[in-house]
Amino acid sequence: MEEGHPISYEALEVGTPMLTSSGTRFGTVEHVLQIPELDLFDGIAVKTHDGLRFVDRDQVAEITTAYVRCDFGDEGVATLPAPHGNAVLRPDPGHDEGRTFHAWYGRLFGREHWKVVDE
């Protein structure tokens, strides 16, 4: 796997591979959790085969442009908790695609639609 260059959690992109300490890929970055008022990194919500999981900041050993390496082994993946808290919402620009009157009206008036991504 490409080594990449060290980066801040603020530059971490969705879809970046998440690795265990042995280098086994167990998921991808879904979103970064932070406490903006304190400018603190809180952890990472990870998309896995078993759904979303939370990796605490204390479990993150290295963040690069190519991957995020955690400090737990392969067996630690099974013990990762699901994230909790408020739902994460992202705009859904594809909502008003198509030939229906509803889609046309949405495009005409620029209605914003949101979808929950952490369920």
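Here are the numbers for this structure:
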read-out: Subset of the range 24-42 (residues that are modelled with pLDDT of 95 or more and not in a strand (DSSP E or B)); value: Thr24
read-out: Those residues of the range 9-20 which are closer than 10 Å to Val68 by Cα and part of a loop (DSSP other than H, G, I, E, B), in sequence order; value: Leu12, Thr16, Thr20
read-out: Answer residue from the range 55-69, given it is within 13 Å of Arg25 (Cβ to Cβ) and in contact (Cβ under 8 Å) with a residue 60 or more places away in the chain and is surrounded by the fewest Cβ atoms within 10 Å (Cβ to Cβ) among those; value: Ala66
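The values are calculated or read from the model by the stated rules, or taken from the named source; none is laboratory data. Remember, predicted model here, so these are calculated numbers, not experimental data. Cβ atoms come from the backbone with ideal geometry, glycine included; neighbour counts cover every protein chain shown.
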